[in-house]
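Let me begin by presenting the structure, written as structure tokens, before commenting on it.
The values are calculated or read from the model by the stated rules, or taken from the named source; none is laboratory data. Nothing here was measured: the structure is a model prediction, and the numbers come from that model. So basically every Cβ, Gly included, is an ideal-geometry build from the backbone, and we count neighbours across all protein chains shown. For accessibility, only protein heavy atoms count, side chains too; no ligands or nucleic acids. Shrake-Rupley method; radii C 1.70, N 1.55, O 1.52, S 1.80 Å.
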Amino acid sequence: MAHESTYQPKSGFERWLDARLPVMRLMHDSFSAFPTPKNLNYWWTFGGILTFCLVVQIVTGITLAMHYTSDASIAFGSVEHIMRDVNFGWLIRYIHAVGSSMFFLAVYIHIFRGLYYGSYKEPRELLWMLGVIIFILMMATAFLGYVLPWGQMSFWAATVITNIFTAIPVIGTPIQEWLVGGFAVGNPTLTRFFSLHYLLPFVIFGVVLLHVWALHVTGNNNPAGIEVKGPQDTIPFNPYYTVKDAFALVLFLLVYMAFVFYAPNALGHPDNYIPADPLVTPAHIVPEWYLLPYYAILRSITFDIGIPFTDIVLIEAKLLGVIALAASIIVLFLLPWLDTSKVKSLRYRPMMKPFFFLFIVVCVGLGWVGAESPDKVLIQIGEDQYRAEYVVEGEPVAQVFPTADDRDAFIEMLNEDVEASAVDALAFRFQMVHLGLILTVAYFAHFLLVLPIVGVIETPRSRPASIEEAVLKGAKPAPAPAE
Amino acid sequence: MSLTIRTGTIIGAFVMALNAGAAMAAGEAERPHAPQEGWSFSGIFGHYEETTLQRGFLVYESVCAGCHALEYVAFRNLADPGGPGFTLDQVRAIAANYRVPAGPDEFGDTLDENGLPFVRPAIPANYFPSPYDNEQQARARNWGALPPDLSLITKARVNGANYLYSLLTGYEDAPEYVEMGENMNYNPFFPGQQIAMVQPLYEGSVEYPDGTEATVEQMAYDVTNFLMWTAEPKLEKRKRMGFQVMAFLFVLAALLYWSYRQVWRDVDH
């Protein structure tokens, strides 16, 4: 522990217990007396909210598992059984399903809070990296869980996501077949996904314990980004932050329960109320909203990398997309070293701050791209022209057709008499996939260019000497001159 | 920061404008709409009306059930609270009109003297039997098309209730420029505008015992209500409980905020 233990056993039993298993001391020092910076704002309440989310998902999930059947022939029906015949089954399932969205909403706010206030910087690099591991485990768990109702989106999401592995050369296809338990998604996939969906939350729980442990070694970061200098900077966690976290949690619950009771299916996809059918592919296969930005990165790379002026392909587009997807998460591990600034809080980083908000726009934009069809045209300049060009009595003639088929039919008819050539003048089209590529580049540029460079060239604003001073002077720094 | 936000808004508005333009250029189908009177089940205090559900059940039974199954609904559900409100005796009578597989008998026979599988009248515990023995039979009887199960149809389509209502009332003659497939019918609300299902509802397709005039709109309204109930049978209970939960949380939030102010009153932060 980073601070002296202040636990005083009050009764004979507590003294007896403390000498043998100091669990009360641990709880007291970790969650009651724990010295916490006094200037934490509401963005810091999401750690507690996330713990709550995890417990809710585990409790509702265990209950659902008592009634759910992981057999491909009756999985869908067993979910309907929960919705219709199990006492409050509809409530438990909606809390669990909406809960996954709320869990991700909270974790994204938590992550962006860490980004804004530099919570990943020394000495909290490991704390941050453990958080990234939790995030990856959450994505895996959510994906596995989404497959279990065995609706159309479940089945096809499982097919698309496991197919990602086939992009890896040589070993990709064997890995995919091993994961799926066959040559295509089917009953073996469902049973193992159920097993793993039950396992992973407990792995998450374990990593959360490490995350909290690491937090309690370094102590909280805070909005000023200044480390705690002494007792004047802190207050005990209880009651100050227990009451603040509880208030924030209830506000969060108001949003959560509004979805559960009034729009439980708003965040899901209607196709998942159609039983899985391997012979019918849905028009648009999309993951849940929280995975859309990564889905966009995966799909936005449509070009091969090869040796210029030859036909030699070094990396195929599909593999490149998978690499980009993996890199987009791996880069988070490197963040503590990619950010070259020693200043933690963006309050004192005038140059970095607009880039942070731009990065949010990029992430939301990627989410939008992920939700839409990649072929969707955003900007079109001109019209497609399919022309037949030929020469009549020495005069060049060009005739325009609305479709290539019409034009080809015309040329075929014409070719008996004159030689005609087909010329296509296609309109310029800016499509979703192009926007996706631009945003993907922007995503990586933020980590690989903006963070390293801005940290070096930026002049930070003057910072308060301590949290106490930041609090007394008012949390906001003096307004910056216009830029 | 304000500059960044403003730029973001402008970019957002620009992209949205482009988006709208592209959608209009593509000439999208008509948007599904609700009936004029709206839906009793929408909104915070949403509920079903028993008479509407009973009329809707009549439409389902006399029109839809010929081709569409209701796999996840049992006859007993018709007497559940928050549903059509049939009495148990009525449910027994309704169930008895359906035949469900029975046998083998005490001799181990599975076929009766005519060589047909044993059947018996359904009881409230039975689920609505499918009009078909399997998918192949369903397709063979419907020019290759498979009539979907209707238990969850209003949740399995985007904007489900409005979609279903619009679809049922939206049949029209195909415009001249549309080349219709064989045995297909034109409906602007169906994806692709060509649907295998023939127009199911005509003026007076059913006769309502309560004297309600059986217009196409009325029947579509009633059956959509019924199929919303089959998809979401706990909706009334959910919304009622939701109000209690939200009210409780508001009070709790107020108390916690007050506690927070009390606890922190002497701390500069």
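Here the Kirkwood formula, the inverse mean of 1/r across different C-alpha pairs, assigns segment B:85-177 a hydrodynamic radius of 17.1 Å. Between the C-alpha center of segment A:41-92 and that of segment B:153-222 there is a gap of 37 Å.
Taking B:SER205, A:SER78 and ordering them by how much accessible surface each has at a 1.4 Å probe, largest first, produces B:SER205, A:SER78. Length gained on full extension, B:ARG31 to B:ALA102, computed as 0.36 nm times the residue gap minus the Cα-Cα distance: 21.0 nm.
Partner shielding of A:378-387 amounts to 1, given as the average count of beta-carbon atoms from other chains within 10 Å of each residue beta-carbon. Multiplying each eigenvalue of the alpha-carbon gyration tensor of segment A:65-159 by 5 and taking the square root yields semi-axes of 35, 15, 10 Å, largest first, rounded to whole angstroms. Derived scalar couplings between HN and Hα for segment A:94-106 equal 5, 4, 5, 5, 5, x, 5, 5, 5, 4, 6, 4, 5 Hz in order, rounded to whole Hz, by the Karplus curve 6.51 cos²θ - 1.76 cosθ + 1.60 (θ = phi - 60°), x for Gly and Pro.
For segment B:85-231, calculate the relative contact order in percent as a whole number, restricting contacts to Cα pairs under 8 Å that are 6 or more residues apart. It would help to have the intermediate numbers written out before the result.
On the way: 159 pairs, mean separation 25.5, N = 147.
Worked out over segment B:85-231, it gives 17 percent.
The ellipsoid that matches the Cα gyration tensor of segment A:326-483 has semi-axes, each √(5λ) in whole angstrom, of 60, 16, 13, with the longest given first.
Short-range pairs are left out: with C-alpha atoms under 8 Å and at least six residues apart, the relative contact order of chain A is 19 percent.
Once you have a ≥ b ≥ c as the square roots of the Cα gyration tensor eigenvalues for segment B:94-141, tell me rounded if a/c is under 1.5, and otherwise prolate or oblate according to whether a/b is larger than b/c. It comes out oblate by the Cα gyration axes. For the segment A:234-243, counting C-beta atoms of other chains within 10 Å of every residue's C-beta and taking the mean gives 3.
Annotation: extensible slack from A:LEU21 through A:ALA65 equals 12.4 nm (criterion: 0.36 nm per residue apart, minus Cα-Cα distance). D for segment A:386-464, whole µm²/s, Stokes-Einstein with Kirkwood Rh over alpha-carbon pairs at 20 °C and 1.002 mPa s: what number? Here the translational diffusion coefficient equals 122 µm²/s. Take each residue in B:256-268, count the other chain C-beta atoms within 10 Å of its C-beta, and the mean is 5. At 7 Å along the Cα-to-beta-carbon direction for both A:ARG461 and A:LEU199, put a label point, then send me their distance in nm to one decimal. Roughly 5.0 nm, to one decimal.
Using alpha carbons only, how many angstrom separate the centre of segment A:290-326 from the centre of segment B:48-112? About 54 Å separates the Cα centre of segment A:290-326 from the one of segment B:48-112.
Here the Kirkwood formula, the inverse mean of 1/r across different C-alpha pairs, assigns segment B:179-268 a hydrodynamic radius of 18.7 Å.
Please return the longest stretch of chain A lacking exposed loop sites, where trypsin sites (Lys or Arg not before Pro) count only if DSSP places them in a loop and at most 14 other Cβ atoms lie within 10 Å. Show your work: numbers first, answer last.
Details: sites that count: A:LYS10, A:LYS229, A:LYS342, A:ARG461, A:LYS473.
Here the longest run is A:11-228.
Under the rule a/c < 1.5 gives rounded, and otherwise a/b versus b/c splits prolate from oblate, where does segment A:1-66 land using the Cα gyration tensor? It would help to have the intermediate numbers written out before the result.
Values: a/c = 3.88, a/b = 1.33, b/c = 2.92.
The shape class here is oblate.
Under Stokes-Einstein, with the Kirkwood radius over Cα pairs as Rh, the value for chain B at 4 °C and 1.567 mPa s is 57 µm²/s.
Ordering A:127-136, A:195-204 by mean Cβ neighbour count within 10 Å, with the highest value first, yields A:127-136, A:195-204.
Taking a straight line from the alpha carbon of B:LYS155, these lysines sit under 30 Å away, with near neighbours fewer than eight places off in the same chain left out: A:LYS376, B:LYS234, B:LYS237, B:LYS239. Remark on A:GLY151: its backbone amide H falls under 5 Å from those of A:ALA276, a criterion applied only to residues 5 or more positions apart or on other chains, H modelled at 1.01 Å from N. Start at zero, step by 10 Å, and the Cα-Cα distances of segment A:242-297 spread as 18, 31, 30, 15, 6, 0 percent across the bins. Using only side-chain charges placed at the Cβ, +1 for Lys and Arg and -1 for Asp and Glu, the dipole size of chain B relative to its Cα centre rounds to 1500 debye.
Computed from backbone phi with θ = phi - 60° and the Karplus coefficients 6.51, -1.76 and 1.60, the 3J(HN,Hα) list for segment A:331-347 is 4, 5, 5, 8, 3, x, 9, 7, 7, 8, 7, 7, 7, 7, 7, 5, 4 Hz; x is used for glycine and proline.
Nothing charged except the Cβ atoms of Lys and Arg (+1) and of Asp and Glu (-1): what's the magnitude of the dipole of segment B:59-108 about its Cα centre? Round to the nearest 20 debye. Could you put the intermediate results ahead of the total?
Values: 3 positive and 6 negative charges, 24 e Å.
Computed charge dipole of segment B:59-108: roughly 120 debye.
Is it possible to state the helix-based mean residue ellipticity at 222 nm for the protein assembly as shown, with each DSSP H run of 4+ residues giving -39500 (n - 2.57), the sum divided by total residues, to the nearest 500 deg cm²/dmol? What is it? List each step's numbers first, then the result.
Working: 24 runs with 378 residues, N = 752.
Rounded to the nearest 500, it is -16500 deg cm²/dmol.
The GluC sites (Glu not before Pro) of segment B:23-98 that DSSP puts in a loop, and whose beta carbon has at most 12 other beta carbons within 10 Å, are B:GLU28, B:GLU30, B:GLU37. Between amide H atoms placed 1.01 Å from N, distances below 5 Å from B:ARG120 occur with B:VAL100, B:ALA102, all of them 5 or more places distant or on a separate chain. Under the combined filter of DSSP loop state and at most 15 neighbouring Cβ atoms within 10 Å, segment A:25-127 retains these chymotrypsin sites (Phe, Trp or Tyr not before Pro): A:PHE88.
Specify the longest stretch of chain B that does not include any exposed loop site, a site being one of the chymotrypsin sites (Phe, Trp or Tyr not before Pro) with a non-H, G, I, E, B DSSP assignment and at most 15 other Cβ atoms within 10 Å. All intermediate terms of the calculation are to be shown ahead of the outcome.
Numbers: sites that count: B:PHE45, B:PHE107, B:PHE118, B:TRP143, B:TYR177, B:TYR202.
Counting only loop sites that pass the neighbour cut-off, the longest clear stretch is B:203-269.
What shape does the protein assembly as shown take by its C-alpha gyration tensor, where a ≥ b ≥ c are the square roots of the eigenvalues and a/c under 1.5 counts as rounded, a/b above b/c as prolate, and the rest as oblate? Oblate. In order along segment A:402-409, the phi-based Karplus estimate (6.51 cos²θ - 1.76 cosθ + 1.60, θ = phi - 60°) of 3J(HN,Hα) comes to x, 10, 5, 4, 4, 5, 4, 4 Hz; Gly and Pro are listed as x.
Could you pull out the GluC sites (Glu not before Pro) across segment B:210-265 that fall in loop regions by DSSP (anything but H, G, I, E, B) with no more than 14 other Cβ atoms inside 10 Å? Each step should come with its number before you reach the end.
Values: sites: B:GLU213, B:GLU217, B:GLU236; in loops: B:GLU213.
Here the GluC sites (Glu not before Pro) that fit, given the DSSP loop and packing criteria, are B:GLU213.
Derived value for segment A:1-114: Kirkwood hydrodynamic radius 17.8 Å. Basis is the mean of 1/r over every pair of different alpha-carbon atoms. Solvent-accessible area of A:THR173, all protein chains in place: 60 Å² (probe radius 1.4 Å, heavy atoms, ligands and nucleic acids excluded).
A convex hull fitted around the alpha carbon atoms of segment A:132-204 yields 86 Å³ per residue.
Each part gets one Cα centre, and for segment A:165-214 versus segment A:407-473 those centres are 33 Å apart.
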